[in-house]
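Here's the structure, in structure tokens; my notes come after.
The values are calculated or read from the model by the stated rules, or taken from the named source; none is laboratory data. This structure is a prediction, so every number in the text was calculated from the model and none was measured. With ideal geometry, Cβ positions are generated from the backbone for all residues, glycine too; neighbour counts draw on all protein chains shown. Each accessible area value is taken on the protein alone, full model and side chains, heavy atoms only, with ligands, DNA and RNA left out. Shrake-Rupley method; radii C 1.70, N 1.55, O 1.52, S 1.80 Å.
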Amino acid sequence: MSLEKYKKKRNFTKTSEPEGTEVPKPSGGKLIGELLYVIQKHDASRLHWDLRLEFEGVLKSWAVPKEPPTTPHEKRLAVEVEDHPLEYGSFEGEIPEGHYGAGTVVIWDSGHYEIIEWEKNSILFDIHGKRLEGRYCLIRFQPDKDPKNWLFFKKKM
Ligand SMILES: [Mn+2]
């Protein structure tokens, strides 16, 4: 886990996004219910929703081009993006014009989540948010061709 890509893309003298000074650390020892879950609505050049899950000291992140699913009938593309610092989970604000991700970021949903199973190409987890609640799944559907592309959907219980 590394914030190198995150830091490379941004100029912290120009954006109010957190620099993420914390050294990434393993999640080990944390109670499961304390793992952070957040979705930020990001009105950038293209509107999208950023799903973020705390994992081993960083926020694993996916950009979802359509509103996240609340029922098992909707499947969403979720494009994996760079790890973000944990501090990003409370970020809201304006990323200035001409900078990476320029546009408005607001917290669309937040809470915590529990890992049921975390594997290379599939993640099964329970979301406890205000808008999203229940068992969700992320699946890499083209692991060889395009490993950044995942499907994000709610499981039938
Ligand atoms: Mn974004």
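One table, with the values for the structure above:
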{"item": "Fraction of the pair-distance distribution of the range 4-112 above 23 Å, Cα-Cα pairs, percent", "result": "26 percent"}
{"item": "Rounded percent of accessible protein surface that carbon and sulfur make up, the chain, 1.4 Å probe", "result": "52 percent"}
{"item": "Rough spin-label spacing in nm, given labels placed 7 Å along Cα→Cβ, for Arg135 and Glu97", "result": "4.9 nm"}
{"item": "Glu34/Ile116 FRET efficiency (R0 22 Å; Cβ-Cβ; nearest 0.05)", "result": "0.85"}
{"item": "Accessible-area value, Leu86, 1.4 Å probe, nucleic acids and ligands omitted, Å²", "result": "40 Å²"}
{"item": "Whole-number percent relative contact order across the range 4-112, with pairs defined as alpha carbons under 8 Å at least 6 apart", "result": "33 percent"}
{"item": "Among Lys14, Lys120, Lys130: highest mean-square fluctuation, GNM of the chain, C-alpha pairs under 10 Å", "result": "Lys120"}
{"item": "Additional length obtainable on full extension of the chain from Asn11 to Lys145, 0.36 nm per residue less Cα span", "result": "45.1 nm"}
